[in-house]
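Data block below; observations after.
Values quoted throughout were computed directly from the atomic coordinates according to the rules given, and no laboratory measurement underlies them. Since the structure is predicted, the reported quantities are computational estimates derived from the model, not experimental observations. Don't worry about glycine lacking a Cβ; one is built from the backbone with ideal geometry, like all the others, and counts go over all protein chains shown.
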Amino acid sequence: MNLKHNLLPALMLALASQAQARTTWTIDKTPFTVDTLYHATVGPGTTETELRVEGRSGGTTLVNNLFYVTVDLRNPYVEMRAAKAGNAMRAVETVPEISDRFTKPGEEYFAGVNSDFFNTYYPYNALGATISNGSLANFTTPPAQADIDSYYIYFDNCGEPSLSRHVTPSPEGSVTYPDRSGYIHSVNKARGENQLIIYTPQWQYTSNGQQGHTGTNQYGAEVALRPVEGATMWGDIQSLEVISAPEKGIGNMKIPTDGYVLSGHGLAIDQIMNLKKGDIVKAYIGISADGRQAKIKELIAGFPFILIEGMVQPTPGYPGHLANLEPRTAVGYNHDKSRLTMLVVDGRKAGGSAGVTQNMLAQFMDKLGCAQAMNFDGGGSSTMYIRPLGVRNVPSTSSLDPNRKEGEPRVVVNALFAVSKAPVDNSITSIEIREKRLDLSTGQSFTPTVYGYNQYGSLVDTDVQGFTCCIAPEIATVSGTTVTGLTGNYRGDLTVTYGSVSYSIPVFLNDGNGEYVNSSVDNIEADTDLNLPAEYYTPLGQRITSPTPGTLVIERRGSHVTKRIIR
């Protein structure tokens, strides 16, 4: 008895077959054609995809370019991080510059988007707070005359995301000295009478041309401390080691780049002066999300929520631009919080993209599998950056920065990143072809671009050399790493091999005459007799008796049918 063979492709091959596929989305009750232009792994548990979405709305053809990153939050080598520009309260940088600032061996900020709204003039106040790797980067008053409120996405100590309408630090925290207890009044605020303030490295007070001082007067005492266990977390007890002798009557202490300064006035002076180098101080500053105490490691703001439990949220009456076609940035996650999506949509005709309304943005996030989603700053700020590949979208210009060219990222106040925690390793253990589908005509030549990944899924080489190509001889000739289409109408695979690893993409040869002939294993029938010798077929299904080494064939051994390259 013969059994029809059904090949189930591996996950990456399934993704490859989807690339450059066409589908239809209904947006605002209007059908839009969706073409996948690009899809690739860009880091541990993380892919980047680029779409062209086209349809007619109100009698006008709308074309939009979408760029989105999908992060597997359960991958042990990736986590989400908020990053403050300049690692300081009053600073702005481009998203690539923020990536460069924070990336170090074992911590690569490899995929990120711009985040919060902000004043475009000094002191560049962000709309809301930023907590970066457990440290409060800023908790400022909203921009002057702000017409929007701050909404938040935060990540707890396990990396699980949540949206929150209100995030509030406790008005007072506690500090436990070796022999007594006291109260912390605030973080990164000007010190008042009888107050105890903690200053972090993000407090950007400038003294004599040097940034990073407390800016306090001489009527108090100060001491430098460093977290005992590295990164700290709001809403949890933090152990801090005294790393210098306390100072009294001086003020304006330099803040350690990897620590804090505890600054006191009045009753707090004696408590600080009784400390000595090596003492351990335990500090707690609570923080609440929507009225509930939370442990928050990463926090970043935006406005407004656009999806709640899969339901598109109404557009607020302010600001008015939310109802306009504009460049947009958004973040969201799925129902079980296992997958996070960051999306940028170009607009203002940059790259030929029209832009979208907030309502359309919400529907896009829904189509991408999000249940909860929030809008980030858009317009000229919208930036999608992949560290090995550069800025992926085409940032638009605006009246705020007329000297910046289209396509150049503008400075922003902060960004949200997928961060690789994988060990540094440049050995290639898997590969992908950048193009996930090839449409080849007679005489057309193609040389694949091959990406190389290490054992953790990090993209370590965007132009792998030394690979070999294999394709059915009926479809194309191979010369080195270049394939050239022949005459006919066939479907087959192009397989690239580097060392012991391979990757395949579908190839469609079309000389304009006739229907495609399927070049696959689907029509090769399996046999129940396991004792039969191996039989070989070309990718077009033609039986061959003696396959040539280095060629791609279909091998049948009883009930097992597979493609492989003859060695």
Evaluate E = 1/(1 + (r/R0)^6) for Gln444 and Tyr122, where r is the Cβ-Cβ distance and R0 equals 51 Å; express this FRET efficiency to the nearest 0.05. 0.40
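Only helical DSSP H runs with n ≥ 4 go in: add -39500 (n - 2.57) per run for the chain, normalise by residue count and round the 222 nm mean residue ellipticity to 500 deg cm²/dmol. Write down the numbers at each step before the final one.
Values: 4 runs with 32 residues, N = 567.
One gets -1500 deg cm²/dmol as the mean residue ellipticity at 222 nm.
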Centroid-to-centroid separation of region 294-317 and region 240-279 [C-alpha atoms, Å]: 39 Å
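Quick one: grab the alpha carbon gyration tensor of region 305-374, order the square roots of its eigenvalues as a ≥ b ≥ c, and give me rounded if a/c is under 1.5, else prolate or oblate depending on whether a/b is larger than b/c.
Values: a/c = 2.75, a/b = 1.45, b/c = 1.90.
Judged from the Cα gyration tensor, region 305-374 comes out oblate (a/c at least 1.5, b/c at or above a/b).
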Note down the nm distance, to one decimal, between modelled labels 7 Å out along Cα→Cβ at Glu406 and at Arg557. 5.8 nm
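Leu440: net charge of surrounding residues, Cβ under 13 Å, Lys/Arg +1, Asp/Glu -1, itself excluded?
-3
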So for the pair Val63, His321, with labels modelled 7 Å out along Cα→Cβ, what separation do we get in nm? 2.4 nm
Once the other residues with Cβ under 11 Å from the Cβ of His39 are scored (Lys, Arg +1; Asp, Glu -1), what is the net sum? -1
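How much net charge surrounds Leu62 when only other residues with a Cβ under 15 Å from its Cβ are counted (Lys, Arg +1; Asp, Glu -1)? Don't skip to the end; give the middle numbers.
Values: positive: Lys29, Arg52, Arg56, Arg328, Arg348, Lys349; negative: Asp28, Asp35, Glu54, Glu326, Asp346.
So the environment of Leu62 carries a net charge of +1.
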Region 173-285, relative contact order in percent, only Cα pairs under 8 angstrom and at least six apart counted: 34 percent
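For region 326-405, state which trypsin sites (Lys or Arg not before Pro) are in a DSSP loop and have at most 12 other beta carbons lying within 10 Å of their beta carbon. Mind dumping the intermediate values first?
Details: sites: Arg328, Lys337, Arg339, Arg348, Lys349, Lys367, Arg392, Arg404, Lys405; in loops: Lys337, Arg348, Lys349, Arg392, Arg404, Lys405.
The qualifying sites are Lys405.
With an 8 Å cut-off on Cα pairs and a minimum separation of 6 or more residues, tell me the relative contact order of the chain in percent. Let's see the in-between values first.
Details: 1590 pairs, mean separation 93.2, N = 567.
The normalised contact order for the chain reaches 16 percent.
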From the cross-link list Lys367/Lys436; Lys84/Lys295; Lys29/Lys421; Lys297/Lys436; Lys104/Lys349, the entries with a Cα-Cα span beyond 31 Å are Lys29/Lys421; Lys297/Lys436; Lys104/Lys349
Checked against the structure, the computed semi-axes √(5λ) of the Cα gyration tensor in Å among (i) 54, 27, 20; (ii) 34, 29, 25; (iii) 39, 33, 21 is the one labelled (i)
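If a/c stays under 1.5 just call it rounded; otherwise compare a/b with b/c (prolate if a/b is bigger, oblate if not). Do that for region 234-273, with a ≥ b ≥ c from the square roots of the Cα gyration tensor eigenvalues.
Details: a/c = 2.02, a/b = 1.37, b/c = 1.48.
Oblate, because a/c is 1.5 or more while a/b does not exceed b/c.
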Can you tell me the FRET efficiency between Met311 and Thr257 if r is taken as the Cβ-Cβ distance and R0 is 51 Å, rounded to the nearest 0.05? 0.70
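About the Cα centre of the chain, what is the dipole size in debye to 20, counting +1 per Lys and Arg Cβ and -1 per Asp and Glu Cβ, all else neutral? Please report the intermediate quantities before stating the final value.
Working: 46 positive and 55 negative charges, 71 e Å.
Here the size comes out at about 340 debye.
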